[in-house]
Amino acid sequence: MDGRVTSLVTRMSGAVREMAVVDGETAYIRDPVFGIVRNRVHAEICKAMLRAGGDPLVGPILNYVVECQNPEGSWNEVHVNYNQPSALITAFIGDALLEAADWYPHEEELVKARDHVLAAEKRPGYFLKSAQYTADHLNVDASCGAFLARYAERYDDRDARAAAMRAAENVVRHQRDDGVYPYAIDKGTYPYVFDLPCVHYQGVTMYYLAKANDVLREDRIDESLARGAQWLEAALCPCGRFNWSGSGLSFAYHLSGAYAFAHASFIYTSRNNGHYREHAGLCLNRLEETVREGLALRWEPSSWSSLPPSVVAAAKVASIGEYPVRHRAFRFGYAVYRQVARRRYSETAETRSFKALCRLLRIRSSTVEPSKNFPDLFMTSEVLDCLSQSGIWGNSHETGIT
């Protein structure tokens, strides 16, 4: 890994490790703000630890994880507002088990995970995230495809490889001419179609599509990723911060993890266009500013003096897409609320203000939005996963490995 990446991964891993609760042969990590134990967090932390050279804690964490697998092979998405089976989370856990397979084999659980994710494909390339969220999310397709591609590579599984290819083709097919991968391409159980550009989910979709193409090795996928990188590059200001005014997805507004997904995506695309390494460096600069005492803040912080132009940007965000006036008002209020919250700091979560906003506008939100910025274990695990993976991609580029 690059020295700066290694230093940041080491610092963050150390902070997370101190939070682990070891119980005999198992270990888990509880969210210090919300008090929940997320399957996804465990997966991403284990992958980072393995890529960094291994850690004795990986085995006990994976022992805990496999005990959480549902009988049909899925794992639950554990959220503040819900806890339900999810093909997306199953793909993340499956990917972690693949990463660990040479040292901590869990082959039976892997097979069941593979079967569950395959069964989640409801039409060619569209993978159902969960029963509650049924829209075709391109980032979900890319994530499921990445797991299936890597499973196919390890076990020479033709069905898994074919499904991974369909997932990648679905993502590429719905990419816009300007390079955007929309968040969702149909309505599903949402009240509206969230066919929106998003800085955060642009990086997420690119990251998992790139992981899939590590196996699939299709030129047209790399061409799609190059177009995606051009859009992401245009959204990144010379100072190294994203211009979020063209990012229309409210709940992903100013998430700090956006810089980690962008960093990894730029490192991947730099294999064909070296100038993206400079953009990856800018993202890494921002991540270093965002990590406090080993944990990433939920949202990128900012100064109070920059609040007025941020409110103007919030108005632009609210105007993206064709939505009713009430929903536009909610999006504007949401964006302003986020602009204020990311400038304040707390180690606890206060959500009454956000709930009052939702009640006022009669909006049901799937998220819980604290009124202050806070050290977020969830963001931290995403950053660890992305940085450790980008280290591998960067090293393979420097050594000429393809």
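Quick look at the values:
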{"read-out": "Unmet requirement for VAL65, which otherwise passes all of (1) under 21 Å from GLY145 (Cβ atoms); (2) part of a helix (DSSP H, G or I)", "value": "(1)"}
{"read-out": "Verdict on ASN81 being surrounded by fewer than 24 Cβ atoms within 10 Å (Cβ to Cβ) and at pLDDT 95 or above", "value": "no"}
{"read-out": "Checklist (1) under 26 Å from ARG331 (Cα atoms); (2) open to solvent by less than 10 Å² (accessible area, probe 1.4 Å) applied to PRO308, failing item", "value": "(2)"}
{"read-out": "Residue that is most open to solvent (accessible area, probe 1.4 Å) [pool: residues in segment 355-380 that are part of a helix (DSSP H, G or I) and at pLDDT 65 or above]", "value": "ARG359"}
{"read-out": "Of residues in segment 1-37 being assigned to a strand (DSSP E or B) and either at pLDDT below 95 or in contact with a helix residue (DSSP H, G or I) (Cβ under 8 Å, 6 or more places away or on another chain) (or both), the one surrounded by the fewest Cβ atoms within 10 Å (Cβ to Cβ)", "value": "ASP23"}
{"read-out": "Residue selected from segment 242-261 under the condition of a type in the set (S, T, N, Q) and in contact with a strand residue (DSSP E or B) (Cβ under 9 Å, 6 or more places away or on another chain), by the criterion most open to solvent (accessible area, probe 1.4 Å)", "value": "ASN243"}
{"read-out": "Among the candidates SER245, SER224, residue that is under 25 Å from TRP299 (Cβ atoms) and either touching a residue at least 12 places away in the same chain (Cβ under 8 Å) or assigned to a helix (DSSP H, G or I) (or both)", "value": "SER245"}
{"read-out": "Unmet requirement for GLU300, which otherwise passes all of (1) touching a residue at least 40 places away in the same chain (Cβ under 8 Å); (2) of a type in the set (Asp, Glu); (3) open to solvent by 50 Å² or more (accessible area, probe 1.4 Å)", "value": "(3)"}
{"read-out": "Failed item, numbered, when ARG150 is tested on (1) over 18 Å from GLU44 (Cα atoms); (2) touching a residue at least 12 places away in the same chain (Cβ under 8 Å); (3) among the basic types (Lys, Arg)", "value": "(1)"}
{"read-out": "Among residues of segment 166-203, those that are touching a helix residue (DSSP H, G or I) at 6+ places or on another chain (Cβ under 6 Å) and among the aliphatic types (A, V, I, L, M), counted", "value": "6"}
{"read-out": "Matching residues, segment 209-225, being within 19 Å of the chain's Cα centre (by Cα) and open to solvent by 20 Å² or more (accessible area, probe 1.4 Å)", "value": "ASP214"}
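Okay, residues lined up against (1) among the aromatic types (Phe, Trp, Tyr); (2) in contact with a Cys (Cβ under 8 Å, 6 or more places away or on another chain); (3) within 25 Å of PHE34 (Cα to Cα):
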{"site": "PRO60", "(1), (2), (3)": "no, no, yes"}
{"site": "ASN81", "(1), (2), (3)": "no, no, yes"}
{"site": "LEU98", "(1), (2), (3)": "no, no, no"}
{"site": "TYR133", "(1), (2), (3)": "yes, no, yes"}
{"site": "ASP136", "(1), (2), (3)": "no, no, no"}
{"site": "ALA142", "(1), (2), (3)": "no, no, no"}
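Yes/no per residue for (1) over 21 Å from LEU384 (Cβ atoms); (2) outside any helix (DSSP H, G or I); (3) open to solvent by 60 Å² or more (accessible area, probe 1.4 Å):
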{"position": "GLY240", "(1), (2), (3)": "no, yes, no"}
{"position": "HIS263", "(1), (2), (3)": "no, no, no"}
{"position": "ARG286", "(1), (2), (3)": "no, no, no"}
{"position": "ALA296", "(1), (2), (3)": "no, yes, no"}
{"position": "ALA314", "(1), (2), (3)": "yes, no, no"}
{"position": "ARG331", "(1), (2), (3)": "yes, no, no"}
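The values are calculated or read from the model by the stated rules, or taken from the named source; none is laboratory data. All values derive from a computational prediction rather than experimental measurement. Every residue, glycine among them, receives a Cβ derived from its backbone with ideal geometry; neighbour counts consider all protein chains shown. In case anyone asks, the SASA skips ligands and DNA or RNA and just uses the protein heavy atoms, side chains included. Shrake-Rupley method; radii C 1.70, N 1.55, O 1.52, S 1.80 Å.
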